[in-house]
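What follows is a set of notes on a single structure, which appears directly below.
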Amino acid sequence: MRKITGGIAATALSAPLVLGATGVAAADEFEQSSSTVGPEGASTSHVVATADSDGDGQVSYQEHRGRAGPDGAGSSSTESAPVVTTPTAC
């Protein structure tokens, strides 16, 4: 009886972990930033990707980078306009 009770308790405790992992995987935005500084200069980067959670299927992507050093400075940017995706039936 103790083994059965322990198995039921383990199952009950692990269910929120599985459901929580599903919620994390279904996030509708990703964002990452980084900055570095050293004797040769500095750089930054920023990335954002989004998926609209309203159900209309819009997605977008933005990436920005900047740098400065002894030979000058520069920046670059990549962006997508909001794109509407439609699910296809399999």
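If you go through the stretch 35-55, how many residues are in contact (Cβ under 8 Å) with a residue 24 or more places away in the chain and either in contact with a helix residue (DSSP H, G or I) (Cβ under 8 Å, 6 or more places away or on another chain) or open to solvent by 70 Å² or more (accessible area, probe 1.4 Å) (or both)? Reasoning before the result, please.
So in the stretch 35-55, the residues in contact (Cβ under 8 Å) with a residue 24 or more places away in the chain come out as 40-43, 52-53.
Now narrow it down to the ones that are either in contact with a helix residue (DSSP H, G or I) (Cβ under 8 Å, 6 or more places away or on another chain) or open to solvent by 70 Å² or more (accessible area, probe 1.4 Å) (or both): 40, 53.
Of the residues in that region, 2 qualify.
Mind listing just one residue for me: the one in the stretch 30-58 that is part of a strand (DSSP E or B) and at pLDDT below 85 and, of those, nearest to the chain's Cα centre (by Cα)? If you could, list the steps in order and put the result at the bottom.
Restricting attention to the stretch 30-58, the residues satisfying the condition of being part of a strand (DSSP E or B) are 30-38, 41-51, 58.
With at pLDDT below 85 added as a condition, the list becomes 51, 58.
Working: 51: 10, 58: 16 Å.
In this case the residue turns out to be 51.
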>> Show the residue pairs meeting these rules: Cβ distance below 9 Å; 6+ apart or different chains; first residue within the stretch 67-85 and over 12 Å from residue 50 (Cα atoms); second residue modelled with pLDDT of 95 or more and part of a loop (DSSP other than H, G, I, E, B).
In response: none
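The values are calculated or read from the model by the stated rules, or taken from the named source; none is laboratory data. Quantities reported herein were computed from a predicted structural model and do not represent experimental measurements. Please note: Cβ atoms are built from the backbone with ideal geometry, for glycine as well, and neighbour counts cover all protein chains shown. Surface areas here come from the heavy atoms of the whole protein model, side chains and all, with no ligands, DNA or RNA. Shrake-Rupley method; radii C 1.70, N 1.55, O 1.52, S 1.80 Å.
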